[in-house]
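K.L.:
Sharing a structure here in structure tokens format.
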Amino acid sequence: MEGIYSPPLEPVLNSIGEGARGDLNHSHFFQVVHAGFSHPRKQLLGNLSKELKIAKEKVELALIAAGIKNSQRAETLTVEDWIELTKFLSAKI
């Protein structure tokens, strides 16, 4: 995954305060981000469901809980959005 994201995710993730990260599982974070970007120009709901092998209904609930629209694309999310989404999806990965 190195070199795919600009800026690289690990330094960005490390720069975010501990309060925002909480007990974030870094491995799950990178799985979710990688799945979200797996098919460029596609919407998150389909990418996450397909790549993480999670039912669309469960991914949809996680997106809603994280305050993210089903129709959004990976490139529109902030690092904080990815963190929140990972927290909701971690139990399903």
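K.L.:
Report the extension gain between Lys56 and Lys42 in nm, rounded to one decimal, defined as 0.36 nm multiplied by the number of residues separating them, less their alpha carbon distance.
P.N.:
3.6 nm
K.L.:
Please work out whether the stretch 22-93 counts as rounded, prolate or oblate from its C-alpha gyration tensor, where a ≥ b ≥ c are the square roots of the eigenvalues and a/c under 1.5 means rounded, while otherwise a/b larger than b/c means prolate and anything else oblate?
P.N.:
rounded
K.L.:
Please give the length that would be gained between Glu80 and Ile64 if that part of the chain were fully extended, namely 0.36 nm times their separation in residues minus their C-alpha to C-alpha distance (nm, one decimal).
P.N.:
4.3 nm
K.L.:
Using DSSP to define loop residues, name the trypsin sites (Lys or Arg not before Pro) in the stretch 26-93 whose beta-carbon has at most 12 other beta-carbon atoms within 10 Å.
P.N.:
Answer by residue number: Arg41, Lys53, Lys69.
K.L.:
Spelling out what I want: for every residue of the stretch 84-93, take phi, set θ = phi - 60°, compute 6.51 cos²θ - 1.76 cosθ + 1.60 (Karplus), and round to whole Hz; glycine and proline get x.
P.N.:
After applying 6.51 cos²θ - 1.76 cosθ + 1.60, I find 4, 4, 4, 4, 7, 8, 3, 5, 9, 7 Hz.
Laboratory data are not the source of any read-out in this text; all were calculated from the coordinates shown. Every value quoted in this text rests on a predicted model; they were computed, and no experiment measured them. Here the Cβ is made from the backbone with ideal geometry for all residues, glycine too, and neighbour counts use every protein chain on show.
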